[in-house]
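Undergrad: This is the structure I have questions about; it appears just below.
The values are calculated or read from the model by the stated rules, or taken from the named source; none is laboratory data. Fair warning: this is a prediction, and the values are worked out from it, not measured in the lab. As a convention, Cβ positions derive from the backbone with ideal geometry for all residues, glycine included, and neighbour counts pool all protein chains shown.
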Amino acid sequence: MSIAENLIDIIKEEMAKHNVQVLKSVRLEIGQLSAIIPASLSFCFEVMTKGTDLEGADLIMEMVPLKSICRECHETFEILDYTFICPHCACTDIQTIAGQNLSIVEINAI
Ligand SMILES: [Zn+2]
């Protein structure tokens, strides 16, 4: 619930900043490792925006794969099955560079 709550707060702030009243759609990028389940997020969003200016807006969600860079050979690669090992040199000293967060890409409102 709190994720949807934060999301709604940010959207409201942005809408106020741009002086728009009716939310049409929001595009989100959801990191694979963010532990967010799109179906439950959209359900919470729907429930919490009912009867507000945000009601009926489309929540467009794109999943972002988990990406890492190897500190040893500096190759970037996707993490599959949560295996945190570099596929190029088998090193485990890797750093996650994408796929950890939820981010708002675009807010479409009038
Ligand atoms: Zn490597």
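Undergrad: Looking only at segment 55-77, how many residues end up being farther than 28 Å from Phe45 by Cβ and more than 13 Å from the ligand (Cβ to nearest atom)?
TA: Residues flagged as farther than 28 Å from Phe45 by Cβ and more than 13 Å from the ligand (Cβ to nearest atom) within segment 55-77 amount to 0.
Undergrad: Moving on to the next point. Of the conditions (1) over 21 Å from Leu33 (Cα atoms); (2) at pLDDT 95 or above; (3) touching a Leu at 6+ places or on another chain (Cβ under 9 Å), Lys50 satisfies every one except a single condition; which number is it?
TA: The one condition Lys50 does not meet is (3).
Undergrad: Does Ile60 count as among the hydrophobic types (A, V, I, L, M, F, W, C), in contact with a His (Cβ under 9 Å, 6 or more places away or on another chain), under 22 Å from Ile3 (Cβ atoms) and part of a strand (DSSP E or B)? Please lay out each step first, then the result.
TA: Working: among the hydrophobic types (A, V, I, L, M, F, W, C): yes; in contact with a His (Cβ under 9 Å, 6 or more places away or on another chain): no; under 22 Å from Ile3 (Cβ atoms): yes; part of a strand (DSSP E or B): yes.
So Ile60 fails the test.
Undergrad: Sort out which residues of segment 78-106 are over 30 Å from Lys24 (Cβ atoms), away from the ligand (no atom under 16 Å from the Cβ) and not charged (D, E, K, R), and write them in order of number.
TA: Once the filter is applied, which keeps residues that are over 30 Å from Lys24 (Cβ atoms), away from the ligand (no atom under 16 Å from the Cβ) and not charged (D, E, K, R), segment 78-106 yields only Tyr82.
Undergrad: Now for a different question. Go through the residues of segment 11-20 one by one and say whether even a single one is surrounded by 13 or more Cβ atoms within 10 Å (Cβ to Cβ) and part of a strand (DSSP E or B). Break it down into steps so the answer makes sense when it comes.
TA: Here is the first cut: in segment 11-20, the ones surrounded by 13 or more Cβ atoms within 10 Å (Cβ to Cβ) are 11-12, 14-15, 20.
Keeping just the survivors that are part of a strand (DSSP E or B) gives none.
There is no residue in segment 11-20 that is surrounded by 13 or more Cβ atoms within 10 Å (Cβ to Cβ) and part of a strand (DSSP E or B).
Undergrad: Out of all the residues in segment 59-71, is one or more farther than 20 Å from Val105 by Cβ and either among the basic types (Lys, Arg) or modelled with pLDDT under 95 (or both)?
TA: Yes, there is a match, as at least one residue in segment 59-71 is farther than 20 Å from Val105 by Cβ and either among the basic types (Lys, Arg) or modelled with pLDDT under 95 (or both).
Undergrad: Continuing with this model, one more query. Sort out which residues of segment 21-54 are in a loop (DSSP other than H, G, I, E, B), among the β-branched types (Val, Ile, Thr) and farther than 23 Å from Leu66 by Cβ, and write them in order of number.
TA: Val22, Thr52
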